1. Taking the stated definitions as given, is GLU536 assigned by TED's automatic domain parsing to the domain that holds MET323, under 30 Å from the mean Cα position of the chain (by Cα), under 12 Å from PRO290 (Cα atoms) and touching a residue at least 24 places away in the same chain (Cβ under 8 Å)?
2. May I ask you to list the residues in segment 412-444 that are closer than 18 Å to THR383 by Cβ, in contact with a Phe, Trp or Tyr (Cβ under 7 Å, 6 or more places away or on another chain) and not aliphatic (A, V, I, L, M)?
3. For segment 330-344, give me each residue that is out of contact with any Asp or Glu (no Cβ under 7 Å at 6 or more places or on another chain) and either surrounded by fewer than 18 Cβ atoms within 10 Å (Cβ to Cβ) or among the aromatic types (Phe, Trp, Tyr) (or both).
4. Among the listed residues LEU110, LEU132, which satisfies the condition of being among the aliphatic types (A, V, I, L, M), within 30 Å of LEU42 (Cβ to Cβ) and in a helix (DSSP H, G or I)?
5. Applying the selection to segment 432-469, what residues are of a type in the set (Phe, Trp, Tyr) and within 25 Å of LEU142 (Cβ to Cβ)?
6. Just to be sure I understand, how many residues within segment 347-362 are touching an Asp or Glu at 6+ places or on another chain (Cβ under 7 Å) and either polar (S, T, N, Q) or in a strand (DSSP E or B) (or both)?
7. Within segment 198-241, work out how many residues are free of Cβ contacts under 8 Å to residues at least 12 places away in the same chain, closer than 30 Å to GLU183 by Cα and among the charged types (D, E, K, R).
8. Just give me the residues in segment 404-435 being more than 11 Å from the chain's Cα centre (by Cα) and crowded, with 17+ Cβ neighbours inside 10 Å, in sequence order.
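The values are calculated or read from the model by the stated rules, or taken from the named source; none is laboratory data. Please read these numbers as outputs of a predicted model, since none were measured by experiment. Don't worry about glycine lacking a Cβ; one is built from the backbone with ideal geometry, like all the others, and counts go over all protein chains shown.
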Amino acid sequence: MASNVTTLGQEAVVCDLCQSPVSFFCRRCGVNLCDPCALLHLRVKSKFGHDVVDYASKDDDDDVCLCDSHPENKCSAYCEKCDVPICILCISIKHKSHEISELQDKIDELLKVITRENDRLQSFRDDLQRVLDHTAKTASSLSSVYERKKDEVTARGEDWKKKIENHVKKLHQELDDLKKENEAVLLKQKKEYEDVIGKIDEMNRKSTKLRNSKNVTEMQKFRPVITEQNTLKEFTQYTFPTFYKSKMDENHLQNYFGYIEKMHERKISLLREKISIPDPDSDRKVLEVPSVSSVIDTGFPSSKKYNTRLYDITVTDDQKVWMGGESNELKLLDLQGHLHHTVTITTQGMYICMYNKQVVYSEVLNKTVKKISDDDTVVTMFTTGDWTPFGITGSASGDLLVCLNKDDQSKVVRYSSTGTVLQEIQYDSQCQPLYQDAYYIAENVNGDIIVTDFKMRKVIAVNGLGIFRYSYSGGKSASSVATDSVGHVYVTDFKDDKIHMLDRDGRFLRHINPEGGIKEPRAVCMIGDCEMIVGECLTGLAKRIKFFEEKI
């Protein structure tokens, strides 16, 4: 007998195998055993072994499975053919020729599935809890948000009121000026008419006097005078000014005063594949002094206004680099700086990315997103309406994420390849704007959407649902942004000649400043996990920087 089998003494419960007085209990199989049966039971091979204990130490509250055919017996096995748990007696009777397995094996199999699905539900619950928190905060701030919107409308009304009052004053002044002008003209005309009438009256008096006279000499003198006295053939009449009231209808007010855009409903999927993110510190060590392994002169000319040259960089699957700068060209170079291809576009290549193995770019002037097809044809993918597209990146879900700006508004929009709007990210849970000037954008391996804000000089990260995660403002500026396969975030600091390295939660880790330094870094993208390529905006040079040791 094994050492873990001890006697109990007198007990009314009988052995499940032979009905003898019970002494032991197998926790794994869930059966009562007498002394001989306990020995036999321990000899039976089991994938997971047995757990035979003194019956007195058996937990009386164990949740056991009773046999359907023999309700007085506990199940200790599982019939694979019938897909049911069975007891010892069933093995030798109804299920004698069937494939029988350990009950615990089936329990472990079921628990494995249950555990996996429970983990899935818990993960879903975590996502849903974040959405719930976001929704609750949004709901709690709803009254203040709508009051602010009303204040915006009121402010617009006050602005219009001032403009209308000023316009009324302007029209009044115009009428006053016209009145003076009209009065002067009429007074001049009045005097002219009075003078003519005065002369006519004088002629009349002279004529009346001569009718009673016999003085031919006076008559001869007066005749040419009265004959030459002209009369007015026409006179000028002046009209009063007219006030033309512009037609005002509902569309006029909507187009010029403003209107309320109704609430939109958009579906955002919570079901996304969970990926395993490696430990960022495993097998890798940051070099104390990063090194520049190669320097590429892109050859872009210098901007006359800003003296800038190189704007954006994106890496292809075969380790070549598309670059955009101060010209209407996109250039494809290898990592040694050899030019392989040039494509002419109608704008400067300020915001580019790889999408479905093709280079895609934002056309700022025409508010469109375009791609370069395999035969170098420029194809319009979609337009962005009144919003101007800036930074652009492909996402793990196969969509495009685009930074959009209009006036003093800024947002991130997720588009399908055909231009269907799938998601808009613009406000936090208090309905305050997340961005002021969304600039460049990247998606992290954990689904975070990371944007650099040119005006606020910081990085803003939201999760895939658009809920605020963190912001980082540790630099003098925030130009471009990139991420690696373990979730590190890299932000170029144009004004401080540095690259900021953050962890996946936005915590600062270190600066990356290679030997020899970098000047005015703007564009950045990763080459594998140990290197990056950084574009110096003013010099037009792209530097390949190794900053991690190779994996062992």
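1. No; evaluated as a whole, the condition is false for this residue.
2. Those that are closer than 18 Å to THR383 by Cβ, in contact with a Phe, Trp or Tyr (Cβ under 7 Å, 6 or more places away or on another chain) and not aliphatic (A, V, I, L, M): TYR415, THR418, GLY419.
3. Listed by number, the residues that qualify are LEU332, ASP334, LEU335, GLN336, HIS338, LEU339, HIS341.
4. Exactly one residue qualifies, and that residue is LEU110.
5. TYR435, PHE468
6. Selection size over segment 347-362: 3.
7. Summing the residues that are free of Cβ contacts under 8 Å to residues at least 12 places away in the same chain, closer than 30 Å to GLU183 by Cα and among the charged types (D, E, K, R) in segment 198-241 gives 4.
8. ASN405, ASP428
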